[in-house]
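Notes follow the structure.
The values are calculated or read from the model by the stated rules, or taken from the named source; none is laboratory data. These numbers come from a predicted model, not from an experiment. Virtual Cβ from ideal backbone geometry, glycine too; neighbours counted across all protein chains shown. When the accessible area is computed, the model is the full protein with side chains, heavy atoms only, and any ligands, DNA or RNA have been set aside. Shrake-Rupley method; radii C 1.70, N 1.55, O 1.52, S 1.80 Å.
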Amino acid sequence: MLLLEGRKPIGFGGNRLCFRHPFVPGICVKVDRPDRTPKLRRASKAFPKNFLPVTHYDENVVEARTLDYLHRAFPAPIRAHIPKSFGLLITDLGTGHLIELVSDESGEVSENLEAYISGNGVDEAISAAIEEFKRNWSERTPRTRNLLPHNFVVQRRGHKLKLWLIDGFGRIPRTVALDLEVARKRLLNRRIAYFEDRINRIQHGQRSRIQ
């Protein structure tokens, strides 16, 4: 069992906390917040969703499966922006998901994109990183959730910046769209437009965390 109790999280989201692995460099551990466990989340749902399996609401299980799928089924330009999963393990805070930790050349944990833009605006370096991401993402758009700036981090390597999507991967699709090319382009356009709108909101000091 991995002991995390008493350690300071390096990040958090609506349902989970993120810890730097105490023994393995380059790995972080995502665990459920005590007030947002899969059982509690299922119990808060109305019929018939409250009868779904608990694993349906276990973001660690879902995320591990989805990341394995994305790295298995998508081309290198997409995978370059998505961390690898190293599976699940038991911690003193519940089941944890081991995931690649995105860090800068200095070894520091990479900064959140929303925080970067709030502090620096959309400067030349981050503009280039955003354009690189959009270009690579157009290779074959995964069916992730909406692309939200607070689900990205900005990795610094010398003078170059790179965007990584670290949350909001969605689920493995159950069916294949009948018109794959048309569906892919429509999804890409919706996701990029939403992403650009969220960035614009941050630039103008508006509330950006709209799901």
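Considering only region 135-145, how many residues are touching a Phe, Trp or Tyr at 6+ places or on another chain (Cβ under 7 Å) and modelled with pLDDT of 95 or more? Write out each step before concluding.
To start, the set of residues in region 135-145 that are touching a Phe, Trp or Tyr at 6+ places or on another chain (Cβ under 7 Å) comprises 140, 142, 144.
Filter once more, so that each one left must be modelled with pLDDT of 95 or more: none.
Residues flagged as touching a Phe, Trp or Tyr at 6+ places or on another chain (Cβ under 7 Å) and modelled with pLDDT of 95 or more within region 135-145 amount to 0.
Being outside any loop (DSSP other than H, G, I, E, B) and farther than 21 Å from ASP167 by Cα is the filter here; which residues of region 1-16 pass it? Give the derivation first.
Of the residues in region 1-16, the ones outside any loop (DSSP other than H, G, I, E, B) are 2, 11-12, 16.
Hit for region 1-16 is LEU2, nothing else.
Restricting attention to region 29-60, which residues are free of Cβ contacts under 8 Å to residues at least 60 places away in the same chain and either among the acidic types (Asp, Glu) or within 16 Å of ASP167 (Cα to Cα) (or both)? Steps first, please.
So in region 29-60, the residues free of Cβ contacts under 8 Å to residues at least 60 places away in the same chain come out as 33-60.
Within region 29-60, ARG33, ASP35, TYR57, ASP58, GLU59, ASN60 meet the criteria.
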Does GLY26 fit the bill of being in contact (Cβ under 8 Å) with a residue 60 or more places away in the chain and farther than 26 Å from ARG174 by Cα?
yes
Tell me, which residue of region 51-91 that is out of contact with any strand residue (DSSP E or B) (no Cβ under 7 Å at 6 or more places or on another chain) and among the basic types (Lys, Arg) is surrounded by the most Cβ atoms within 10 Å (Cβ to Cβ)?
ARG79
In region 1-25, anything surrounded by 13 or more Cβ atoms within 10 Å (Cβ to Cβ), closer than 21 Å to THR66 by Cβ and either among the acidic types (Asp, Glu) or touching a strand residue (DSSP E or B) at 6+ places or on another chain (Cβ under 7 Å) (or both) is listed as GLY11, ASN15, ARG16, LEU17, CYS18, PHE19, HIS21
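This table checks each residue for (1) open to solvent by 40 Å² or more (accessible area, probe 1.4 Å); (2) polar (S, T, N, Q); (3) over 20 Å from LEU101 (Cβ atoms).
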site	(1), (2), (3)
GLU139	yes, no, yes
PRO149	no, no, no
GLN155	no, yes, no
THR175	yes, yes, yes
ALA183	no, no, yes
ARG190	yes, no, yes
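Restricting to region 61-75, name every residue that is touching a residue at least 40 places away in the same chain (Cβ under 8 Å) and more than 21 Å from PHE133 (Cβ to Cβ). Step through it out loud before you land on a result.
Step one: of region 61-75, the residues touching a residue at least 40 places away in the same chain (Cβ under 8 Å) are 62-63, 65-67, 69-70, 74-75.
Result: VAL62, ARG65.
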Give just the number: which of (1) more than 18 Å from the chain's Cα centre (by Cα); (2) open to solvent by less than 30 Å² (accessible area, probe 1.4 Å) does SER103 not satisfy?
(1)
